[in-house]
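See below for the structure under consideration.
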Amino acid sequence: MTNQSSSHSAPPSEKTTFIQGDQKTLNAELQKAKEQEACLIIIRGSPQGHRFFLTQSEMTIGRDPSADISVSDEGISRKHAKLTKEESKICITDLGSSNGTFINDKKIPPTDSRVLAKEDMIKLGNTIFKFLPAGELEILFYGNLGSAAHTDPLTKIYNKGYLLEALEAEFKRAKALHTDFSLIFFDLDHFKKINDQYGHDAGDFVLKEIVVLIRSNQLRPKDVFARYGGEEFVILLANTPVQAAAELAEKIRASVETHAFVYEGKRLPVTTSIGVADVASGIESAQTLIKQADKALYSAKSGGRNRVVSA
C-alpha cells in the first residue's frame, strides 16, 4: 500500500471542474466521549472495526488466546507487543516478534518503546490498528462493527450500512472539532453495457479490480472506502480539504482510465465519473453532504462522463 499525506497531492487535470454552490447535541456527545478510554480499532484485518479499550496499566498483543488483545493473524507472534500506560501517555513496545511492529509504516526496533499519537497506524502481521487517545469523539461511533455485517461480499470493502455509520461519525467529528472533511462519490460509466456485452461475471471482475486498483495505490489506511451499491462507491476523507479531495479524485479517474481491465483475453472499456463535496461549504448534515457529492457526480455524468466535479 502506498501511503499518502492528508493532502493527497496531485495536480488536477482539465477534466476537473468546480460548482459554486445542532451544537447542543454535539456538545453532549463530546462530553460522553470524554468518558471513553483510549483504544485500538482494527481497520484492516478481522474482526474489522472491533475496539480494544486500553483499560490496564500493561496489556499484551499477540496471537496467543491468553494475550490481553488476542488477534487471529498468522503474521502476528504469540506475544508480539505490549502497551503500557505512563500517566496520560500510551507506549508500545515490540516483544521480539518475528515480523516486527510498525508505526505509520516505520519499524520500531525490538524492545524499544514508542509513545502513540492520535490516529497512529500500528501494523502487526497483516493487521492494522488505529490508535485513538482517551476522550476522542470517534471512539463512540467505531465500535464492535462485525466484519461480515459491514463488508461487501463481492469487493471485500465496507458496505453501505457501515459507510452511513462512518459518515455520520466523521461528519459530527469534523463539525465539533472544526476540521476538514471531504467525500468522494463515484460510479463506473456505461457499466450496464459491460454486463450486457461481456456478461455479469465480467462486471463482477471489473468491480473487484477497480477496488484493488484504488485501495492499493491511492488511499491512506484511515480513509473509509465503501461500496454504496451496484457500481457506486464512496470514499470518506477525514482531515482533507475539498481541493485535496478533488486532486485525489482526479488521480483515481486517471488511473481507472489508463488501467488495463482484461477479462478472458479482452480489454474492457472502463472509466469513472466522480463527484466531490466537503463540510466547509456550510453543509449542516451528513445526509446533505452525500447528496451534494451525488449532485456533483450527476454533473460529471451530464458533462460528458470520465471527469471530476466538485460541489
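The values are calculated or read from the model by the stated rules, or taken from the named source; none is laboratory data. Bear in mind the structure is a predicted one, so any value in this text is a computation, not a measurement. When we count neighbours, we look across all protein chains shown, and the Cβ atoms used for this are built from the backbone with ideal geometry, even at glycine. Just the protein is used for accessible areas: all its heavy atoms, side chains included, with ligands, DNA and RNA removed. Shrake-Rupley method; radii C 1.70, N 1.55, O 1.52, S 1.80 Å.
How many residues does region 139-171 hold that are surrounded by fewer than 21 Cβ atoms within 10 Å (Cβ to Cβ), at pLDDT 85 or above and in a helix (DSSP H, G or I)? Qualifying residue count for the region: 4. Does Thr60 qualify as being in contact with an Asp or Glu (Cβ under 6 Å, 6 or more places away or on another chain), buried (at least 17 other Cβ atoms within 10 Å of the Cβ) and either on the phi < 0 side of the Ramachandran plot or in a strand (DSSP E or B) (or both)? The answer is yes for Thr60.
Scanning region 95-120 for residues that are among the acidic types (Asp, Glu) and closer than 21 Å to Ser46 by Cα yields Asp105, Glu119, Asp120. Is one or more of the residues making up region 189-209 at pLDDT 95 or above, open to solvent by less than 50 Å² (accessible area, probe 1.4 Å), touching a strand residue (DSSP E or B) at 6+ places or on another chain (Cβ under 7 Å) and not in a helix (DSSP H, G or I)? Yes; the residues of region 189-209 include at least one that is at pLDDT 95 or above, open to solvent by less than 50 Å² (accessible area, probe 1.4 Å), touching a strand residue (DSSP E or B) at 6+ places or on another chain (Cβ under 7 Å) and not in a helix (DSSP H, G or I).
When you scan region 85-96, how many residues do you find that are of a type in the set (Ser, Thr, Tyr) and open to solvent by 20 Å² or more (accessible area, probe 1.4 Å)? So the answer is 1.
What are the residues in region 121-138 that are in a loop (DSSP other than H, G, I, E, B), in contact with a strand residue (DSSP E or B) (Cβ under 8 Å, 6 or more places away or on another chain) and more than 14 Å from Arg44 (Cβ to Cβ), if any? So that I can check it myself, show each step before the final result.
Residues of region 121-138 in a loop (DSSP other than H, G, I, E, B): 125-126, 133-136.
Going one step further and asking which of them are in contact with a strand residue (DSSP E or B) (Cβ under 8 Å, 6 or more places away or on another chain), we end up with 126, 133.
Pro133 - this is the single residue of region 121-138 that is in a loop (DSSP other than H, G, I, E, B), in contact with a strand residue (DSSP E or B) (Cβ under 8 Å, 6 or more places away or on another chain) and more than 14 Å from Arg44 (Cβ to Cβ).
Scanning region 105-120 for residues that are of a type outside the set (Val, Ile, Thr) and assigned to a strand (DSSP E or B), we see that the one that is farthest from the chain's Cα centre (by Cα) is Ser113. All of Ala293, Ala245, Ala254, Ala249 fail the test of being assigned to a helix (DSSP H, G or I), out of contact with any helix residue (DSSP H, G or I) (no Cβ under 9 Å at 6 or more places or on another chain) and open to solvent by 10 Å² or more (accessible area, probe 1.4 Å), apart from Ala254. For region 105-135, residues that are of a type in the set (Ser, Thr, Tyr) and open to solvent by 20 Å² or more (accessible area, probe 1.4 Å) total 2.
Hey, does region 226-233 have a residue that's surrounded by 21 or more Cβ atoms within 10 Å (Cβ to Cβ) and either over 19 Å from the mean Cα position of the chain (by Cα) or more than 19 Å from Lys193 (Cβ to Cβ) (or both)? Yes: region 226-233 contains one or more residues that are surrounded by 21 or more Cβ atoms within 10 Å (Cβ to Cβ) and either over 19 Å from the mean Cα position of the chain (by Cα) or more than 19 Å from Lys193 (Cβ to Cβ) (or both). Entry remark, region 257-290: residues being open to solvent by less than 60 Å² (accessible area, probe 1.4 Å) and either in contact with a His (Cβ under 9 Å, 6 or more places away or on another chain) or not in a helix (DSSP H, G or I) (or both) number 17 in total.
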